[in-house]
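Notes to accompany the following structure.
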Amino acid sequence: MVRADAKRSERAILEAAERVLYEDGGASMEQIAEAAGLTRITVHRRFASRQALIEALSISAKEQLLSAIEEARPQSAPALVALYRVTENVLRVKTSWRFTLRHNTAHSEASAAIWAAIDGHTVSLLARARGEGLLAATANLQWARQVYYSLLTEALEWPGEDGAVANPEPDVLATLVIDTLLYGAGPR
């Protein structure tokens, strides 16, 4: 029972930290504790420093990204369908982790290993897309991966008519990302 309580507390801290830090990147551990409904001592017991908390956020967000990719079962569908599924799932996760996934922190070994797995899945899917003729046979997969990642990031910041972030549904953004990746701004 203590273990379950500790997990709930950790999850509450991470969720509160993401919300609070998204609003104020300089928020204190005390502000995060308050948002989590816990004492500062409880937060410090679990995360000795702000950097430890940021690293835990990074690992949690990347684990969810990796799960989102795997849940899309990209190997079980044609590359175009898989690209849409993966993109929609990733955008759903990225929407929940706007602070953490934009925050540049040094990667721990654990975080770097998760990111390497994400990169591996992405390059593998792009290789399938190239093999199925969706990308040019000469397309550089590392460059295509970077462009894809940039499109994902930009989609979440896409301005609406009034200049505010539009925030359409992930399926709408996925279509925008994949269409731009495959066709650019040119005619189809």
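The values are calculated or read from the model by the stated rules, or taken from the named source; none is laboratory data. Owing to the predicted nature of the structure, the values given are computational and were not obtained by experimental measurement. All Cβ positions, even for glycine, are placed from backbone atoms using ideal geometry, and neighbour counts span all protein chains on display.
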I need every pair where a residue in region 1-18 that is at pLDDT below 85 has its Cβ under 9 Å from the Cβ of a residue that is not in a helix (DSSP H, G or I), sequence separation at least 6 or different chains.
Ser9/Leu38
Would you say Arg45 is in contact (Cβ under 8 Å) with a residue 12 or more places away in the chain, of a type in the set (Lys, Arg) and assigned to a helix (DSSP H, G or I)?
no
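Within region 127-145, identify whether any single residue is among the basic types (Lys, Arg), in a helix (DSSP H, G or I) and touching a residue at least 40 places away in the same chain (Cβ under 8 Å), and answer yes or no.
yes
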Residue satisfying condition, being touching a helix residue (DSSP H, G or I) at 6+ places or on another chain (Cβ under 6 Å) and outside the structural domain of Thr122 (by TED's automatic domain parsing), within set Ala68, Ala6, Ala82, Ala35:
Ala35
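Give Glu30, Glu71, Glu23 a once-over and let me know the one that is among the charged types (D, E, K, R) and within 17 Å of Leu156 (Cβ to Cβ).
After ruling out the rest, the residue left standing is Glu23.
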Checking Ile41 against (1) exposed (fewer than 13 other Cβ atoms within 10 Å of the Cβ); (2) under 21 Å from Ala174 (Cβ atoms), the condition it does not meet
(2)
Within region 69-115, residues being part of a loop (DSSP other than H, G, I, E, B), surrounded by 13 or more Cβ atoms within 10 Å (Cβ to Cβ) and of a type in the set (Val, Ile, Thr) number 1
Filter region 124-146 down to residues that are within 16 Å of the chain's Cα centre (by Cα) and loosely packed, with under 15 Cβ neighbours inside 10 Å, then give me how many there are.
1
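Looking at the structure I just gave you, is Ala77 under 24 Å from Ile114 (Cα atoms) and either touching a helix residue (DSSP H, G or I) at 6+ places or on another chain (Cβ under 8 Å) or at pLDDT 95 or above (or both)? Before you say what the answer is, go through the steps one by one.
Values: under 24 Å from Ile114 (Cα atoms): yes; either touching a helix residue (DSSP H, G or I) at 6+ places or on another chain (Cβ under 8 Å) or at pLDDT 95 or above (or both): yes.
Criteria met by Ala77.
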Which numbered condition trips up Arg85, out of (1) at pLDDT 95 or above; (2) over 17 Å from the mean Cα position of the chain (by Cα); (3) of a type outside the set (Asp, Glu)?
(2)
